[in-house]
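Rule-based calculations on the coordinates, nothing more; no lab input. Because the structure is a prediction, the values reported are computed rather than measured. Neighbour counts are summed over all protein chains in view; Cβ atoms, including those assigned to glycine, are modelled from backbone coordinates with ideal geometry.
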Amino acid sequence: IPACDVLPDRQAAETEFARRIAAKVRRKPDMVLGLATGNSMIGVYRVLVAMHRKEGLSFAAATSFNLDEYCGLPAGHPASFASYMREHFFAHVDMPPGSAHLPDENACADYEAAIAKTGIDLQILGIGRNGHIGFNEPGAPVTSRTRVVELAAATRTANQRDFPAGEAVPARAVTMGIATILAARSILLLATGPAKAEALAAALEGPVTPQNPASFLRLHADVTVICDRDAATLL
Ligand code: GLP
């Protein structure tokens with residue numbers, strides 16, 4: 001059963017989440033990080049950037065692999081996860097550009113091979129309203145690896161706000177699989193806000209099932225969940 005730490009509010013949860021990442025990076029500067037995007041993580045990156053500036057937290061020796069990316073967006077598209085990562089993290093810290101990796105829809109096997117060389121020390125995760133992790137939507141097999149997937153209608157609706165008016169959310173994305181995620185040595189999941197309460201409760205207390213991909217995290221021995229009170233109401 002994953003350890004679950006409930007913080008009073010969203011900001012406290014984001015700060016605690018960032019502190020846990022920072023503690024691991026300080027202990028092992030050449031840490032291989034599995035990184036996530038989404039609204040929930042913006043505050044986490046803000047705290048990490050502040051720690052870099054004020055406390056000298058360094059990512060110079062770190063490597064990163066992002067969880068997922070949309071298919072078919074041109075380079076530099078504002079809603080791409082590459083742009084998100086640059087805007088919220090990479091542009092503000094000292095990680096060498098060559099050390100930061102995002103999946104490419106045309107090179108899924110290469111991404112898996114690159115990850116397999118070192119493994120991921122710490123995978124950070126958000127959770128979708130339907131229990132998705134990365135872009136592993138309900139139905140994702142526990143054996144899945146990095147691949148191209150169809151996005152659930154609910155996910156496309158939830159992420160519409162990141163796209164310019166009148167522009168559709170791509171129908172497909174590339175994502176690490178459940179097996180890729182479970183191979184990480186340690187996992188930290190962040191859930192904030194009332195919209196995540198149902199998915200979080202199902203993940204932690206419901207059956208382990210592909211219908212809630214986050215429930216597969218219970219197959220891993222080192223998972224910590226950080227959430228706020230709003231996300232914890234159904235636990
Ligand atoms: C997104 C991402 C996930 C993220 C989740 C929750 O679409 N692919 O990695 O964890 O959905 O997003 P948010 O934090 O914006 O609620």
* Structure fact -> Once Lys and Arg are counted +1 and Asp and Glu -1 for all other residues with Cβ under 14 Å from that of ALA91, the total becomes +1
* If you plug each phi of segment 180-189 into the Karplus form 6.51 cos²θ - 1.76 cosθ + 1.60 with θ = phi - 60°, what whole-Hz ³J(HN,Hα) values come out, in order, with x for Gly and Pro? -> 4, 5, 5, 7, 5, 5, 8, 10, 10, 10
* **Hull shadow area, averaged, segment 3-225 [alpha-carbon convex hull, nm²]** => 11.4 nm²
* Taking only the C-alpha atoms, wrap a convex hull around segment 73-131 and report its volume per residue in Å³ as a whole number. => 143 Å³
* So, in Å, what gap is there between the alpha-carbon centers of segment 176-235 and segment 1-73? -> 17 Å
* Backbone HN-Hα couplings from phi across segment 60-72 [Karplus 6.51/-1.76/1.60, Hz, Gly and Pro as x] -> 4, 9, 7, 10, 9, 10, 7, 5, 7, 7, 5, 8, x
* Structure fact -> With ALA23 itself left out, Lys, Arg at +1 and Asp, Glu at -1 over residues whose Cβ is under 12 Å from its Cβ give +4
* Using unit Cβ charges (K, R positive; D, E negative) and no other charged atoms, how large, in debye to the nearest 20, is the dipole of the chain about its Cα centre? -> 440 debye
* Structure fact -> Which residues qualify? For HIS101, with a placed amide H closer than 5 Å and at least 5 residues away or on another chain, they are SER64, PHE65, ASN66
* Asked: What is the magnitude of the charge dipole of segment 133-235 about its Cα centre, with +1 placed on the Cβ of each Lys and Arg, -1 on the Cβ of each Asp and Glu, and no other charges, expressed in debye to the nearest 20?
  -> 260 debye
* **Sequence of GLU16, GLU55 once ranked by neighbouring C-beta atoms within 10 Å, starting from the fewest** => GLU55, GLU16
* Structure fact -> Exposure proxy check on THR15, THR233: fewest-to-most Cβ neighbours within 10 Å is THR233, THR15
* Cut-off 13 Å between beta-carbons: net charge of the residues surrounding ALA113, Lys and Arg +1, Asp and Glu -1 -> -1
* Name the helices (complete DSSP H segments) of the chain with a Cα length along the long axis of 18 Å or more and a Kyte-Doolittle mean of at least 0.0, or state none. => 39-55
* Quick one: among PRO103, PRO210, PRO74, which has the greatest mean-square fluctuation in a GNM of the chain with alpha-carbon springs under 10 angstrom? => PRO74
* To do: May I ask which residue of HIS88, ALA153, ALA12 lies farthest towards the positive end of the charge dipole of the chain, with charges of +1 (Lys, Arg) and -1 (Asp, Glu) on Cβ and the Cα centre as origin?
  => ALA12
* Exposure proxy ranking, count of Cβ atoms within 10 Å, fewest first, for THR224, THR192, THR157, THR63 -> THR157, THR224, THR63, THR192
* **Candidate lysines - alpha carbon under 25 Å from LYS54, same-chain residues fewer than 8 apart omitted** => LYS24, LYS28
* Cα Rg over Rh - segment 145-218, Kirkwood -> 1.00
* Structure fact -> Ranked by GNM mean-square fluctuation in the chain (Cα springs under 10 Å), the top entry among LEU190, LEU219, LEU35 is LEU219
* To do: Specify the residue with the greatest mean-square fluctuation among ALA202, ALA36, ALA153, computed from a Gaussian network of the chain linking alpha-carbon atoms under 10 Å apart.
  => ALA153
